[in-house]
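First up is the structure itself, then whatever we jot down about it.
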Amino acid sequence: MEKTKRKKSKKKIIILSIIGFIILLIILSNIFKGDKEPVITVQTETVEKRDITQIVSATGKINPEYQVIITPEVTGEIVELPVKEGDSVKKGQLLIKIKPDTYIAQKDRATANLESAKATLRMKMAQLDLVKTDYIRTEKLYKSGIFNKQEMDNVKSNLASTKAQLDAQKAIVQQAKATLKESMESLYKTTIYSPMNGTISKLNVELGERVLGSGFTQGTDIMTVADLSKMEAEVEVDENDVVLVSIGDKAKITLDAFNNKVFTGVVAQIANSAKTRGLGTQEEVVNFDVKITLEDFDNKIRPGMSCNADIETETKNNVLAVPIQSVTARSEKQEQEEDKKKDENFGTKRVKKKKSKPKEVVFIIENNVANMREVKIGISDDTYLEIRKGIKQGEKVVIGPYRAISKELKHDSKIIVKKKKDPFKKEK
């Protein structure tokens with residue numbers, strides 16, 4: 001029994017010793033591991049001089065540079081429509097005729113009213129001549145003492161009244177002339193002619209259809225006459241980018257209907273007023289219309305086609321440049337404070353961040369160590385960013401991975417450079 005008890009107690013001591021030793025190893029491992037600085041794997045690229053063209057991208061539609069939307073100014077039935085969509089027309093060519101019967105009747109009525117007013121005017125003029133003669137005779141008799149003052153005053157009043165009636169009739173004649181002119185204009189407007197040489201790019205009505213005039217309403221959109229020999233891209237540019245665009249900037253335009261074909265253009269107009277969508281909401285967007293004249297285009301291009309435009313706002317040749325992802329924003333004071341606290345607390349205590357203005361930095365590799373450099377940036381294209389100050393040609397800059405650049409790397413961090421894989425090189 002005693003031997004059995006001794007064996008059991010020895011086993012317990014051995015087991016407890018092993019457990020204690022394992023715990024001690026874990027603690028020591030954590031302590032030494034916490035003191036050891038991690039090595040970060042990165043990719044690098046050599047800083048070189050490049051040509052950089054700053055691009056502003058936008059989307060929009062293709063429209064004719066010159067086009068006129070035809071709307072009637074009178075209401076009526078279409079009795080003549082000698083053109084169809086796609087036809088070429090000359091300036092002054094008949095486009096549409098609206099039934100004129102109602103407007104002819106209005107003109108005839110206005111003509112009759114004018115003649116009546118003129119006849120009445122002649123009667124008033126004859127009456128005035130008679131009253132003037134009577135006034136002269138009465139005035140002589142009044143001076144000779146035959147007529148009294150009351151009779152003279154009556155004649156004066158009659159003369160003044162007759163003159164006023166004549167003036168009123170003259171106004172009626174002018175009004176009748178204006179009414180006749182208005183009815184003539186309405187009659188003329190029943191026939192619409194082409195205002196320019198061009199093509200019927202859109203036709204919205206048919207023969208016999210009734211259209212509404214634009215006198216008091218918007219009117220019927222009958223057709224569109226466009227000059228298809230001069231086309232432009234009308235695109236919407238974000239408010240943050242429109243300040244970079246200038247009249248005369250070159251642009252490259254692609255259309256969804258023309259796979260990989262690139263058309264060239266020049267910025268011709270920049271809107272002064274903005275177009276706002278989703279006003280007062282979180283999705284509010286403010287854009288400005290920019291018109292780009294196409295310098296070369298295919299005759300198959302049609303108005304309304306969707307397009308994408310890359311506007312070249314600025315070009316710089318032979319400048320130092322790095323990949324866009326190489327540049328990140330860091331606060332040096334904040335990082336130094338965090339590193340200090342982590343050393344004191346073995347990285348277990350969270351530290352309140354100090355507020356400091358972030359600066360733009362890159363990480364340059366020297367002797368397998370990352371050195372953080374503050375840089376001054378310039379323009380950029382889709383891939384590279386101009387560096388005005390902070391680095392030299394031939395230095396190695398970290399280009400990835402993104403997590404290392406944005407968070408993990410610090411000044412004096414140890415690194416291992418991983419070569420970029422060649423996507424065209426086959427593995428053995």
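Each value in this text was obtained by applying a stated rule to the coordinates, not by laboratory testing. Bear in mind the structure is a predicted one, so any value in this text is a computation, not a measurement. A quick note on method: Cβ atoms are made from the backbone with ideal geometry, for glycine too, and the neighbour counts reach across all protein chains shown.
Look at the dipole of the chain built from charges on Cβ: of THR199, ILE416, MET223, the Cα furthest out on the positive end belongs to ILE416. Convert 25 °C to kelvin, take the viscosity as 0.890 mPa s, use the Kirkwood radius over C-alpha pairs of the range 100-189 as Rh, and evaluate the Stokes-Einstein diffusion coefficient in µm²/s, rounded to a whole number. Translational diffusion coefficient: 160 µm²/s.
Placing a label point 7 Å from the Cα of LYS419 along the Cα-to-Cβ direction, the residues of the range 37-76 whose backbone N falls under 17 Å from that point are 42-46. Amide H contacts of MET305 (H built 1.01 Å from N, in plane; Pro and chain starts excluded): ILE62 sit under 5 Å, all sequence-distant by 5 or more or on other chains. The calculated FRET efficiency for the pair ILE365 and THR264, based on their C-beta separation and a Förster distance of 41 Å, comes to about 0.50. Between the beta carbons of ASP51 and HIS411, assuming R0 = 25 Å, the FRET efficiency works out to 0.20 to the nearest 0.05. Between ILE13 and TYR402, the FRET efficiency estimated from the beta carbon spacing at R0 = 56 angstrom works out to 0.55. Highest mean first, the peptides 150-162, 227-239 sorted by other C-beta atoms within 10 Å per residue fall in the order 227-239, 150-162. Here the range 100-189 is assigned +1 on the Cβ of each Lys and Arg and -1 on the Cβ of each Asp and Glu. Its dipole about the Cα centre then comes out at about 280 debye. Test of understanding: in a Gaussian network model of the chain with alpha carbons linked when under 10 Å, which of ILE18, ILE365, ILE222 would top the mean-square fluctuation ranking? Maximum fluctuation in the GNM of the chain, among the listed residues, is at ILE18. Axis angle, to the nearest 10 degrees, between helix 149-188 and the longest C-alpha principal axis of the chain: 50 degrees. In nm, to one decimal, how far is the SER380 label point from the GLU73 one, both placed 7 Å along Cα→Cβ? In this crude label model, SER380 to GLU73 measures out at 5.6 nm. For the Cα trace of the range 150-278, dividing Rg by the Kirkwood Rh returns an Rg/Rh value of 1.33. Panel values: the chain, Kirkwood radius from alpha carbon pairs, Stokes-Einstein at 25 °C and 0.890 mPa s, translational diffusion coefficient 76 µm²/s. Modelled spin-label separation between LYS170 and THR217, with each label point placed 7 Å from Cα along the Cα-to-Cβ direction: 4.3 nm. Residue separation of GLU295 and ASP227 scaled by 0.36 nm, minus their Cα-Cα distance, works out to 23.0 nm of gained length.
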